[in-house]
Amino acid sequence: MNNFFKVLIRIYLAFGIPVWSNLSESSIQKLESFQAHSLRVIAGAKRNCSSNALNIILRILPFRLRIQEL
């Protein structure tokens with residue numbers, strides 16, 4: 001499932017990152033929330049599992065950091 005996220009979902013989301021660099025803080029938080037929810041589903045983690053922990057375990061860079069890279 002992790003590969004599914006990296007190959008399909010993440011590519012579509014990453015495609016729009018140049019546009020997202022101008023988003024408001026609340027919009028970025030919504031994208032991060034969507035990413036955290038997706039990672040919990042993929043990993044089979046409970047709702048109270050830390051999204052930061054999942055990012056590290058699954059080696060997924062948070063949107064905020066990906067936007068800063070550009």
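Coordinate-derived values only; no laboratory data. Because the structure is a prediction, the values reported are computed rather than measured. All Cβ positions, even for glycine, are placed from backbone atoms using ideal geometry, and neighbour counts span all protein chains on display.
For this structure, a couple of remarks:
- Remark: spin-label model distance residue 33-residue 47 equals 1.3 nm, labels positioned 7 Å along the Cα→Cβ axis.
- Residues in the range 34-43 carry Karplus couplings, in order, of 4, 5, 4, 4, 4, 5, 5, 5, 4, 7 Hz; the curve used is 6.51 cos²θ - 1.76 cosθ + 1.60 with θ = phi - 60°, and Gly or Pro positions show x.
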